[in-house]
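The values are calculated or read from the model by the stated rules, or taken from the named source; none is laboratory data. A quick note: this is a predicted structure, and the numbers were derived from the prediction, not measured. Positions of Cβ are backbone-derived with ideal geometry, glycine not excepted, and every protein chain shown enters the neighbour counts. The protein model used for the area step is the full one, side chains on, heavy atoms only, and it has no ligands, DNA or RNA in it. Shrake-Rupley method; radii C 1.70, N 1.55, O 1.52, S 1.80 Å.
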Amino acid sequence: MKHVLLTLVMLLAVAVGSANAASIAMNFAENAGNQGFVGGELIGPTNIDSANWNSSIDRDSGSLATGVLSDMIDDTGTVTTAVVSYASNNVWYNGDGIGSDQARLAVGYLDDGGGNNTFTVSTIPYGVYDAYVLFTSDNNGDYYYNGLTINGTDVLGGQPFPAHGQVTDGTGWVQCDGTAYGNYVKVTGLVGDLVVTTAGPSGGNRTPLTGFVIVQNTTHCYGESPTDGELKASIESDLAWTAPLDASENATFKVYFDPNEGLVASRDASCAIITTVSQGALALDTLEFETDYAWAVDTTDGSTEYPGYVWTFKTEPAVPEFITDIVGATVEAGEDVTLTFESRNTVRCVWLKDGLQIADLTDPEVGFDLTISDITQADDEGVYTCKIYNGGSPADEAISNKAIVAVKRLVARLDFEGNLEDSSPVGSWDGLFGDPNINDDLTAFEYDATDAISGSQSAIFTGEAYITIPNSQDMINFYPQGYTMTCWAKIDRPNCDGGWIHCISFITNYDEEAGTINAGVGAGLYHNANDEGTGTYGTITNFRSGGYLYSGALAPEVIYDGWVLVVSILDPTDNKFKFYYFTEPNGEDYPTNIVAASQDAGEQQWSQTPVLIGAERAGLLNDTNPDGEYYGMDVYYNEAFVGKMDDVRIYNYALTMDDIAQMYADVTGRDVCTGTVENDLNGDCMVDLLDFADFAATWMDNLIIAPAVN
């Protein structure tokens, strides 16, 4: 944050800055009928012609109390890019009179009225500027201003300070310094937007605002690096700055640098560094950790001196800190994975897999990367983290994010052959991504041995029962690296509510501290059973992520009757949710078409709740979790699935369209067309003799009208 440099000005209306410094001035009025300026009078603390002041009377929108004014003019009447937006509870006036423009400037103001006032000036056309914030009061005499902040800095320490309510009683415009009465404050060396907020009333103290002046600063260096007030500057920082706007290219710069701000402020000869340079930069030796430093740059341009501001910064702490974190990977078996990161203040890194130490690296010159070669499922899959340490005694540590390393595969498959067991190739592997091996006692399910799409049986869902995979919250946390969920669904329309049903609730976040489920975060495979009176249905796959709802493609042409393959995929290559559905636009004698749709996936989050099949996890029944563990048993659900479900699959990577088409073809025995073939005239997804016959049958057919022959 910028230092607030306040200097008591005992002269009346003394202009500050060089002759060519532009300025923008604004007045907050209380009455549009009698507080507009006549013009031709120099008013305010910097003596600007009242004809070139902006006023809330001329606002673009809003009211005198809350509004917006754009295209603000400067002190020459030229339109600028500056825009002011202001807000207060009400406006009020004092008894200072309206006989002059000076009085009209101070008579009306934004009143606190039980709250605070604020205004923001954006797109200011000056690289660096000084700001004057003006106030007055209906008291018309001495009172206490209750404090304000300018660009995040508490002016005068944030404490109430004495103020004065009049400008036409002979005192004029006087700058506040915290001890003597005044009616404006000044802050120098600002960049970017100007944001002013008052503290609000307290007791008899008030916080009125009557206007402001922004003056282009052309006499001080600006654009300092490290920035003034920076709290974690690198110990390898060098100093850099931009010359004053009024300085020529021949200017030189005298730099003062020291840990003692007082020495720099007084330009004391004992400063650690005092040197003169011709460019806007100075290289420094390595600085101390977590140390305060001050510096200033005075400019000399011929015989002209431009004293600089005192800037301060603090160097980074010596504790280890991640700059970039580790990122997981899902790869083919036999491939290599390298986990890497960037950090500061690090001399040691301990790598852990599933919480157990696997490497201890202590040579920063060699680096701290961890390479896992020839990845196998049983030995290498897991959750990896690293702890980094500095050279302290005892050493400080920092812990990385979790990173999943996994082999691309089918993680779980429930084919409902009279039970809820996992039939994936992994079988009963009890590692991180192992078999859920669902206990049949968790839910009471019936199976249909006469109607199945895969195998000999399917599971019957009545809307009352669901399936959960206990402790699967860790198993499924590969999902930000991509996944595929598929299920065959056959909806019982007469007993469905006609709205959403839910096949799989995949990712939901449980807030351990609050003891609640964040239902707006996660991912799920949904199905919309709305009939729309057409005998068809729409399939929409939705994913909630960070509070947003992502929808797939509504497909009313999808055949409703019978089994439907519902597919949802997160593809990390482009961070999109991808959906596939199947249509038969040309009838059963032609191949089935596969159609793709996608949506941006947003930010993915680590899952804290198990997989749920047949409903959506909506929240907890209780508010606390005394055991510190969460298994998904004490929750309530909605959007229950009604019908039959078969062959639920979860992959830890994104399947391609061809993969999904192959899955559909293998189950249904039908050909699947995955795109458009050029010169396919009859829509059967291939170019063959049938297309040639269609072509030959119309050979030389034309609709040409030729010119008559004489």
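Could you check how many residues of segment 647-677 are within 44 Å of the chain's Cα centre (by Cα) and outside any helix (DSSP H, G or I)? Give the derivation first.
Quick first cut of segment 647-677, residues within 44 Å of the chain's Cα centre (by Cα) only: 647-667, 672-677.
Those left that are additionally outside any helix (DSSP H, G or I): 647-656, 672-677.
So the answer is 16.
Residues that are touching a residue at least 60 places away in the same chain (Cβ under 8 Å) and over 38 Å from the mean Cα position of the chain (by Cα) within segment 207-262 comprise just one, 246.
Before we move on, is residue 281 surrounded by 13 or more Cβ atoms within 10 Å (Cβ to Cβ) and among the small types (Gly, Ala, Ser)? When the stated conditions are applied, residue 281 does not pass them. Criterion applied to 557, 629, 588, 603 was being modelled with pLDDT under 75, closer than 30 Å to residue 688 by Cα, assigned to a loop (DSSP other than H, G, I, E, B) and not aliphatic (A, V, I, L, M), and the one residue passing it is 557.
Restricting the search to segment 58-99, which residues are in a loop (DSSP other than H, G, I, E, B) and open to solvent by 70 Å² or more (accessible area, probe 1.4 Å)? Across segment 58-99, the qualifying residues are 59, 60, 71, 76, 78, 81, 89, 99.
Taking the condition closer than 26 Å to residue 328 by Cβ, in a loop (DSSP other than H, G, I, E, B) and modelled with pLDDT under 50, does residue 436 pass? First the steps, then the outcome.
Working: closer than 26 Å to residue 328 by Cβ: yes; in a loop (DSSP other than H, G, I, E, B): yes; modelled with pLDDT under 50: yes.
Against the criterion (closer than 26 Å to residue 328 by Cβ, in a loop (DSSP other than H, G, I, E, B) and modelled with pLDDT under 50), residue 436 qualifies.
Only one of the numbered conditions (1) farther than 30 Å from residue 395 by Cα; (2) outside any strand (DSSP E or B) is violated by residue 319, and that is (1).
Pick from segment 410-433 the residues that are aliphatic (A, V, I, L, M), part of a loop (DSSP other than H, G, I, E, B) and open to solvent by 20 Å² or more (accessible area, probe 1.4 Å): which of them is modelled with the lowest pLDDT?
Within segment 410-433, the first condition is being aliphatic (A, V, I, L, M), and the residues that meet it are 410-412, 414, 420, 426, 432.
Imposing the further condition that a residue be part of a loop (DSSP other than H, G, I, E, B) reduces the set to 420, 426, 432.
Within this subset, residues satisfying the condition of being open to solvent by 20 Å² or more (accessible area, probe 1.4 Å) are 426, 432.
Details: 426: 64, 432: 27.
Looking at the filtered set, the residue picked out is 432.
When segment 235-254 is filtered for residues that are open to solvent by 60 Å² or more (accessible area, probe 1.4 Å) and either outside any strand (DSSP E or B) or aliphatic (A, V, I, L, M) (or both), the ones remaining, listed by number, are 236, 238, 245, 249, 250. Screening the candidates 452, 465 for the property of being modelled with pLDDT of 65 or more, part of a loop (DSSP other than H, G, I, E, B), closer than 20 Å to residue 641 by Cα and under 41 Å from the mean Cα position of the chain (by Cα) yields one hit, 465. Which one of the conditions (1) in contact with a Leu (Cβ under 7 Å, 6 or more places away or on another chain); (2) in contact (Cβ under 8 Å) with a residue 40 or more places away in the chain; (3) open to solvent by 60 Å² or more (accessible area, probe 1.4 Å) does residue 315 fail to meet, given that it meets all the rest? Failed condition: (3). For segment 110-149, filtering for residues that are at negative phi, at pLDDT below 90, open to solvent by less than 10 Å² (accessible area, probe 1.4 Å) and not aliphatic (A, V, I, L, M) leaves 6. Scanning segment 632-660 for residues that are under 21 Å from residue 411 (Cβ atoms), open to solvent by less than 40 Å² (accessible area, probe 1.4 Å) and at pLDDT 80 or above turns up 645, 646, 647, 648, 649, 650, 651, 652, 654, 655, 660.
Between 212, 257, which is among the aromatic types (Phe, Trp, Tyr), open to solvent by less than 20 Å² (accessible area, probe 1.4 Å), in a strand (DSSP E or B) and more than 21 Å from residue 132 (Cα to Cα)?
257
If the condition is being farther than 30 Å from residue 228 by Cα, part of a loop (DSSP other than H, G, I, E, B), open to solvent by less than 60 Å² (accessible area, probe 1.4 Å) and touching a residue at least 40 places away in the same chain (Cβ under 8 Å), then segment 322-361 contributes 326, 328, 334.
Filtering segment 671-692 to residues that are in contact (Cβ under 8 Å) with a residue 60 or more places away in the chain, open to solvent by 60 Å² or more (accessible area, probe 1.4 Å) and over 27 Å from residue 575 (Cα atoms) leaves only 671.
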